[in-house]
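Below is one structure; the comments refer to it alone.
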Amino acid sequence: MPMKSTHIPVRVAIIGAGAVSDYHHVPALQLDPRAEVAAVCDADAALVEKRKSDWGVALGSTDAIEICTSPAVDAVIIATPNDTHRPIAIAAAQAGKHVLCEKPLGLDAAEVKAMLDASRAGKVVHMTAFTYRFAPAMVYLRHLLKSGALGTPRHFRSQRFTDWPETSWGWRQYKERAGAGDLYDLTIHRIDFALDLMGPLSRICGSIARFAPRDRTVDGAPCRPSDVDDWSALIGEFESGATGVWEGTTLAKGYKRNGFGHDWAEVNGSEGTAVYRLHEPNSILLGRTGGDLDVVPAPREYLKPASSPRDPDLGEPATVFRYDIVWEFISAIVEGRDAVPSFLDGLRAQIVADATMESHAKRVWVDIPRAD
């Protein structure tokens, strides 16, 4: 069990000062009276100086390990390229710092297991940034499923379609830095949905593909072509006997949806169907035999964590729920409990994602081992 924080407000370092931190993590910390942004770290020295000014932070560095070991820091949020997650997270855990890390946690399940082991050994809170679990629609869907309102779950189904430019993704388009493309960046969230809602998978078969070369930058300059997937799909069998189907792509023309793309996840149960949609995160679609899928607003108590000061009536709904993951992280630190979703959840999803690539390479079904 993690130790309770002895310092309030919890002093949080942002490691990786790009858009995700600026749009989501820092506003969430600024909303939470129990936390403060205490330090900023990025490989770009100019960006460090900018964020120190933007965020009102005195401590800044380009050295992540220096930040992880600083006595002025209680916890870190890691939003750096995927290949850097493992060494930073392990250094933080060994220094007694609580860790929230963007997904995927590592380049493969072995890296993620090392992060989990270090965090357990350090008795620190560890959390995977599976942000969409906190969408009110998903929280309410989960409640309906777990309460038995949908009956026995039979099928899980998800689609994540985005209409991204076919220019360079930077580090994200190279396997040695990202591990994989759409599969690790987008579909892994939906794998986590399924495991949380439906329980463990027993076996899967999957496929990945690459269509866009991404051999030009936004400015038209040539660059090394992508070597990761921009489409992924899998079929799974759950230990319960239920089935699952997932598909994701970054090349779905016309699926812009104000920048949020098409994100659909549904559960078909013996008594009803419920659907989550990212672009309408405060309502679900709900249907029963003989009827249609109708829009049902999430009850107010599902729009945010009960104790959070966030006003659910303010801001873009598909953006502001993302602040709640930081609220959960700080709550777990203050209360001395495990955070949800943890590194164990990140490991379970990573095992399935790795199995998808193995299945594609071997053209076979792959058994999914339990992780605990």
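The values are calculated or read from the model by the stated rules, or taken from the named source; none is laboratory data. All values reported here derive from a predicted model rather than from experimental measurement. When we count neighbours, we look across all protein chains shown, and the Cβ atoms used for this are built from the backbone with ideal geometry, even at glycine.
Observations
- Looking across region 154-168, the residues that are part of a strand (DSSP E or B), crowded, with 16+ Cβ neighbours inside 10 Å and not small (G, A, S) come down to R154, F156, R157, Q159, R160, F161, D163.
- Sole exception among (1) within 30 Å of T152 (Cβ to Cβ); (2) among the hydroxyl-bearing types (S, T, Y); (3) in the same structural domain as T187 (by TED's automatic domain parsing); (4) buried (at least 17 other Cβ atoms within 10 Å of the Cβ) for T250, by number: (1)
- Residues in region 169-210 that are within 18 Å of the chain's Cα centre (by Cα) and among the basic types (K, R): R172, R177, R190.
- Every test in (1) hydroxyl-bearing (S, T, Y); (2) over 19 Å from R160 (Cβ atoms); (3) touching a helix residue (DSSP H, G or I) at 6+ places or on another chain (Cβ under 8 Å) is passed by S270 save one, and that test is (3).
- Tabulated pairs, region 72-93, first farther than 20 Å from Q173 by Cα, second at pLDDT below 95 and buried (at least 24 other Cβ atoms within 10 Å of the Cβ), C-beta under 6 angstrom, 6+ apart or interchain: none
- You will find that of L293, L286, L303, the residue that is out of contact with any Gly (no Cβ under 9 Å at 6 or more places or on another chain) and not assigned by TED's automatic domain parsing to the domain that holds L31 is L303 and no other.
- The set of residues from region 38-59 being closer than 26 Å to A118 by Cβ and surrounded by 23 or more Cβ atoms within 10 Å (Cβ to Cβ) comprises A38, A39, V40, C41, D42.
- Considering (1) more than 25 Å from E111 (Cβ to Cβ); (2) free of Cβ contacts under 8 Å to residues at least 60 places away in the same chain, the lone condition that D229 does not fulfil carries the number (1).
- Any hit, region 212-228, residues being within 20 Å of the chain's Cα centre (by Cα) and either closer than 16 Å to F161 by Cβ or assigned by TED's automatic domain parsing to the domain that holds L144 (or both): yes
- Summed over region 209-254, residues that are β-branched (V, I, T), touching a helix residue (DSSP H, G or I) at 6+ places or on another chain (Cβ under 7 Å) and not in a strand (DSSP E or B) total 2.
- The residue that is surrounded by the fewest Cβ atoms within 10 Å (Cβ to Cβ), among those in region 1-37 that are under 23 Å from the mean Cα position of the chain (by Cα) and hydroxyl-bearing (S, T, Y), is Y23.
- Qualifying positions in region 121-136 - more than 19 Å from T187 (Cβ to Cβ) and touching a Phe, Trp or Tyr at 6+ places or on another chain (Cβ under 9 Å): V125, H126, M127, P136
- Listed by position, the strands (runs of 3 or more DSSP E) enclosed by region 39-153 include none that has at least 3 residues that are touching an Asp or Glu at 6+ places or on another chain (Cβ under 7 Å) and closer than 30 Å to G241 by Cβ.
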